[in-house]
Every structure is written in C-alpha cells, then in structure tokens.
Amino acid sequence: MTMKTRLRHAALVAGLITASCAQAQGSCGGANGVLFGYAGVVNLFPVSAEYYISENPTCFGGPLTSYNQINATSFAQANAISQSFAMQQPVAGPEPHAQAPRLGMSAGGNASQWNIWGNVNNNDTRLHYLSTMASAVRNDTKITTATFGADYTLTPAMTLGFSGAVDDGDGSGQNDGLLIDNIDTRGWLFAPYFGWRIDNSLALDISAGWGRGKLKLDDANTQAKATRWFGAANLNYSRWLNNWQFSSRASYLHGVEDYDDTVDRATGTPFIGTRAKNTLGQIRLHTQAGYWLDGIMPFVSLAYSNDIYRRTTLYGAPSHPAGRDGWLIGAGVNFFSLKNGLTGGVVYNHESGRSNQKFHSLTANLSQRF
C-alpha cells in the first residue's frame with residue numbers, strides 16, 4: 001500500500017468518526033455539528049467531504065437543496081409569466097371568437113392594452129434516497145411562491161411587462177429516522193418580460209429575473225444567503241377544433257443560486273468551504289386539451305421535463321440522487337369573462353417517473369385587462 005493510499009484511508013476514517021458524532025447530535029451547527037466537521041475535512045481531508053453532504057443535505061446550500069429552490073421559485077415565476085401571456089392570446093374559440101373584436105382582443109384595441117395579473121404556486125417536493133454510506137436520507141420541502149405582474153400591449157403583436165415574486169418555504173431533513181434539522185427559506189425576484197404574438201395560434205415569451213434568497217436552519221441557528229437569477233424562453237401554440245382547445249408549450253429554463261458561506265447566526269462566524277453556486281438548466285414539453293363550456297374550460301395536461309444541465313461548485317457534492325427527467329400530469333379549469341376582461345384558473349400537477357423524488361403542486365392565477 002502506497003503512502004498516498006494510507007493517507008486517503010486515514011482521511012476517510014477521520015471523516016467518518018467526526019460525521020458520526022455530528023449525525024448523532026442531529027444538528028447542522030455547533031462545535032461538533034455537520035458544518036463544523038465539513039469545514040475541517042475540506043481543509044484537511046477533502047476525500048471525506050462527500051460523506052457529509054450525502055448524509056446531511058439539509059445542512060448545505062448545495063444542489064440537493066438548491067435545485068428544489070430554483071424549481072419552486074425562479075422556474076415558478078417564469079411559468080407564471082408565460083401562463084399569463086398565453087391567456088391573453090387572441091382566442092379563436094366559440095364564444096370568445098364572437099366577443100373578441102368588440103373587446104379589442106384580436107385587434108389590440110386601446111381599451112385593453114393594460115393587463116395586471118397574479119399567480120400563487122404551492123409545491124411539495126420529497127427527496128428520499130440512500131446515501132453514500134447506505135443511510136436512509138429524507139429531504140422534504142414545501143414552498144409557496146406568489147408572483148404578480150403588469151404588462152402593456154405595445155402593438156397588436158408585442159407586449160412588454162414586469163413581474164415580482166416572493167417565496168416562503170419550510171422543510172426538514174432526516175437520516176435513518178433521526179432529525180438533521182428544520183429549514184426555513186425566503187426570497188424574492190424581479191423579472192421583466194417580453195411577449196411576441198407571431199400569429200393567432202403561435203406566441204413566444206422571454207423573461208429574465210434577479211433576486212435574493214435565504215436558507216435558515218432553525219435548530220442549528222445558521223443561515224446562508226444567496227443571489228438568484230434566471231432566464232426562460234417559451235414557445236406557445238394553441239388550436240381550436242369546435243369546442244375543443246389543444247395547446248402546447250416548449251420551454252427552456254435556466255436558473256442559478258449562488259450561496260455565500262453558511263454562517264453561525266449568533267456569532268456571524270462563517271463555516272469555511274460551504275459557499276456554493278448551483279446551476280440548473282431544464283427543458284419542458286407541455287401539451288394540454290380543454291373543452292369550452294360557456295366561459296369555463298376544464299382541461300387535462302401532460303408535460304415532460306428533463307434537467308439537461310446540473311452544476312455545483314460545492315466541494316465534494318455527490319451526484320444528485322433524483323433522476324434527471326419526469327412526467328408531470330395535471331388537471332384544472334380555466335375561466336374567461338371577456339365582457340369584464342377577466343381570466344383565471346387553477347391547476348393541480350403531480351410528477352412521476354423521476355427516481356428518488358416525488359413532487360406535486362397546486363397553482364391558481366387571475367388576470368384583469370383594462
């Protein structure tokens with residue numbers, strides 16, 4: 001056995017001993033906690049860093065926590081923007097088609113150039129997997145994101161708008177049934193957007209946002225602050241066949257969360273080496289079928305999503321245990337009151353097919369033109 005191999009084995013043993021103490025305490029912070037131990041192995045025994053992250057993902061602003069945040073905040077806002085814009089499209093359905101010219105919907109009349117809207121998304125993500133040391137790890141989060149926006153129709157084909165979002169979430173992590181820590185997340189984002197109505201059936205929207213977020217560990221009394229940004233592009237298509245509306249959307253979403261070092265909230269002391277920049281790139285292909293019922297349109301939907309790009313700078317971070325792709329099944333109802341310039345809807349989505357992770361969400365939206 002070479003000297004290099006002996007040193008690696010010694011490092012692993014040292015890391016396992018320290019991590020076992022941290023796990024038994026069930027907390028991320030403190031002199032014997034996970035973050036203190038991780039800072040030690042990063043500086044002295046880097047080969048053990050993966051153990052800490054895999055066993056205790058809740059303690060870090062790394063990808064196992066951050067990807068859920070990006071999906072529930074940045075991507076939720078991008079989807080809310082696209083949904084609002086899609087609902088403004090010139091409608092070619094049975095009753096809307098008759099009312100649209102009178103209301104300026106198809107001609108871009110001055111009477112309906114302004115639009116204000118709101119969207120509330122509540123999602124639940126549950127990540128359960130076996131760690132690198134075969135421990136049963138649970139990382140569950142619930143996040144609510146409220147997005148509001150306003151836009152102005154520049155021309156019959158072009159719309160310019162601005163949106164803001166705030167989010168609030170909580171969650172917990174467990175290792176073999178023992179509590180690691182409870183987490184609390186909050187943040188905000190601002191995003192301008194642009195929409196182009198290519199024709200009565202096809203539309204493109206793009207958006208880009210920037211904001212801040214915070215991840216607090218309640219029991220450990222630690223926190224990490226992050227800078228967020230995202231960019232998104234969505235191509236929407238819709239077509240009517242009698243009372244049936246068929247629509248589809250192709251999307252690319254790109255989100256980043258850049259965390260500072262986690263700090264002890266009591267002393268302000270940082271845990272060295274815990275800084276992490278997490279990047280997620282995702283494509284989504286969505287299709288929907290709805291039936292017009294005199295101003296109300298129930299619908300079902302199916303979407304495919306694939307995380308085509310994942311990257312983190314957190315040292316020792318293991319490969320994300322959740323699968324890269326999944327299928328999102330949805331059902332909901334939209335309503336249209338063109339006489340009053342009001343539209344809205346509610347939808348429930350459930351994801352399946354993504355290994356080690358379950359996800360479901362409930363979203364409601366409302367839009368007013370004037």
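Quick grid of which residues meet (1) under 28 Å from G62 (Cα atoms); (2) assigned to a strand (DSSP E or B); (3) polar (S, T, N, Q):
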site: L302; (1), (2), (3): no, yes, no
site: Y309; (1), (2), (3): yes, yes, no
site: P318; (1), (2), (3): yes, no, no
site: G323; (1), (2), (3): yes, no, no
site: W327; (1), (2), (3): yes, yes, no
site: G344; (1), (2), (3): no, yes, no
site: N349; (1), (2), (3): yes, yes, yes
query: Given (1) modelled with pLDDT under 95; (2) buried (at least 16 other Cβ atoms within 10 Å of the Cβ); (3) part of a strand (DSSP E or B), where does F335 come up short, assuming only one miss?
result: (2)
message: Which count do you get for residues in the stretch 186-210 that are open to solvent by less than 70 Å² (accessible area, probe 1.4 Å), modelled with pLDDT of 95 or more and either under 16 Å from N71 (Cα atoms) or not in a strand (DSSP E or B) (or both)?
response: 6
task: Only residues that are open to solvent by less than 20 Å² (accessible area, probe 1.4 Å), at pLDDT 85 or above and either under 18 Å from V346 (Cβ atoms) or not in a loop (DSSP other than H, G, I, E, B) (or both): list them for the stretch 73-96, please.
output: S74, F75, A76, Q77, A78, A80, I81, S82, S84, F85
- line: Within the stretch 245-268, residues basic (K, R) and surrounded by fewer than 16 Cβ atoms within 10 Å (Cβ to Cβ) come out as R265
message: Quick test for you: out of F359, F271, F299, pick the one residue that is open to solvent by less than 50 Å² (accessible area, probe 1.4 Å), modelled with pLDDT under 90 and not charged (D, E, K, R).
response: F271
message: Any residue in the stretch 34-45 that is open to solvent by 30 Å² or more (accessible area, probe 1.4 Å) sitting within a Cβ distance under 8 Å of a residue that is among the small types (G, A, S) and at pLDDT 80 or above? List the pairs, counting only those 6 or more apart or interchain.
response: V42/A49; V42/G273; V42/G316; N43/G273
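The values are calculated or read from the model by the stated rules, or taken from the named source; none is laboratory data. Note that the structure is predicted; figures quoted are calculated from it, not measured. All Cβ positions, even for glycine, are placed from backbone atoms using ideal geometry, and neighbour counts span all protein chains on display. Note: areas computed on protein heavy atoms with side chains; ligands, DNA, RNA excluded. Shrake-Rupley method; radii C 1.70, N 1.55, O 1.52, S 1.80 Å.
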